[in-house]
Amino acid sequence: MEKFVKYFVLILMVSAFIMAGCSKDDDDDPPAPPPPAKFDVLKDYMIANTMDVSTVIDGWIITAQDVNAKAIGDFFIIDIRSQQDYDNGHIEGAVNTTLGDILTTAEAATKPILVVCYTGQAAGHGVVALRLSGYSDAKVLKWGMSSWRDDLAGKWESNVGDAAIGNPSWIVPPGAITDPAEFADPVIESSFTEGAEILAERVDEMLANGFSGIANGDVLGNPTEYFINNYWAAEDVVTYGNITGAYRLNPFTLADGTYKNLDPSKTIVNYCWTGQTSSMLTAYFYVIGYDDTKSLKYGVN
């Protein structure tokens, strides 16, 4: 009996030693790495699939003259003006829809898509959505319907002015652009984990929000409230000046890391000459995670 007890105790000791060793091994296992940030997943997907901003805004616009030269029938024309204005007159063959429904309407396209609005600005949001959704040759009608018929140019002509002349928030030539700084990446909240799914979700959100524009009076009235991005060439700033405090992020891409020069904590205002290119940028910036981004309506015109 005594031998049995000793033998039993020995078995218990060996078992305890083995269990302790296993427990220690388990404790030493490295923790699982955290999942990649949704922004990084989206960024890498877009770079890998030729969706960097430099590609998306390449060849994105066409004039009324060039449309007529090619023949209207060469395009699937989507008109995103109001139903009433569409009914009052539209380009032959154009289909009326809203910005929010543009992807659904585009499913019927069998030809390159041309997006038409009033002034060429809201259409930029639609073309970014289309180009990021497989319609890589979609284009904006430059100046919108303002360029198609003289009697429809009122929306553009009534917004041409000289609000910046003599305004203390406009730095006269040669201008003074703010040196770029590096900021944190934007944070994207999504239940999806794959780049394609995150992209589709972001595009849908951008379209649902509608055209994101801001009036010149709001920006000139308090420019320090915004992160202002001048999307001109450097020599144009020297010639015309710039809005006080403006940065100049041009060129800008995901691949080269210059997106880090955007501040996600502030309202970003993009401005260009006419508000058409800045509309494209604004839509793209929203998609990649800069939720509070606006286009200066009608640009410096």
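Every read-out reported here was derived from the displayed coordinates using simple, explicitly stated rules and does not represent laboratory data. Nothing here was measured: the structure is a model prediction, and the numbers come from that model. Cβ placement follows ideal geometry from the backbone for every residue including glycine, while neighbour counts extend to all protein chains displayed.
Count the net charge of all other residues whose Cβ sits under 15 Å from the Cβ of W156, scoring Lys and Arg as +1 and Asp and Glu as -1.
Numbers: positive: R81, K142, R149, K155, K297; negative: D85, D150, D151, E157.
Residues near W156 contribute +1 overall.
Applying a DSSP loop filter and a limit of 11 other Cβ atoms within 10 Å to the GluC sites (Glu not before Pro) in segment 74-163 leaves E92, E107.
Taking the C-alpha atoms only, the angle from helix 122-131 to the longest principal axis of the chain is near 40 degrees. Basic side chains Lys and Arg get +1 at the Cβ, acidic Asp and Glu get -1 at the Cβ, and with that the dipole of the chain about its Cα centre reaches some 240 debye.
Computed from point charges on the beta carbon alone (+1 for Lys and Arg, -1 for Asp and Glu), the dipole magnitude for segment 170-296 about its Cα centre is near 440 Debye. Apply 1/(1 + (r/R0)^6) to the Cβ-Cβ distance of I72 and W273, taking R0 = 30 Å, and write down the FRET efficiency to the nearest 0.05. E between I72 and W273, to the nearest 0.05, is 0.65. Other residues whose C-beta falls under 12 angstrom from the C-beta of N242 contribute a net charge of 0, scoring Lys and Arg +1 and Asp and Glu -1. With the charge dipole of segment 38-157 set up from +1 on Lys and Arg Cβ and -1 on Asp and Glu Cβ about the Cα centre, the Cα lying farthest toward the positive end among the listed residues T55, Y135, T105 is that of T55. Here the chain has an Rg and Dmax of 27.4, 112 Å, counting Cα atoms alone.
Report the antiparallel proportion of the DSSP beta bridges in the chain as a percent, rounded to a multiple of 5. Please report the intermediate quantities before stating the final value.
Working: 2 of 23 bridges.
About 10 percent, rounded to the nearest 5.
When the charge dipole of the chain is built from unit charges on Cβ atoms (+1 for Lys and Arg, -1 for Asp and Glu) and taken about the Cα centre, the candidate among P33, S212, I198 whose Cα reaches farthest toward its positive end is S212. Between the helical axis of 195-209 and the longest alpha-carbon principal axis of the chain there is an angle of about 40 degrees.
Among rounded, prolate and oblate, which fits segment 198-259 when a ≥ b ≥ c are the square roots of the eigenvalues of its C-alpha gyration tensor, a/c under 1.5 means rounded, and a/b larger than b/c means prolate?
Verdict is oblate for segment 198-259.
Could you tell me what percent of the DSSP beta bridges with both partners in segment 170-296 are antiparallel, to the nearest 5? Let's see the in-between values first.
Values: 2 of 13 bridges.
If we restrict to bridges inside segment 170-296, about 15 percent are antiparallel.
Neighbours of D137 by Cβ distance under 15 Å: Lys/Arg scored +1, Asp/Glu scored -1, total +1.
Residue-normalised convex hull volume from the C-alpha trace of segment 24-98: 166 Å³ per residue. Both radii were evaluated on the Cα set of segment 38-157; the Rg over Rh quotient, with Rh as the Kirkwood radius, amounts to 1.00.
Plugging the Kirkwood radius over Cα pairs into Stokes-Einstein for segment 170-296, at a temperature of 25 °C and a viscosity of 0.890 mPa s, what D comes out in µm²/s?
On the way: Rh = 15.2 Å.
The calculation lands on 162 µm²/s.
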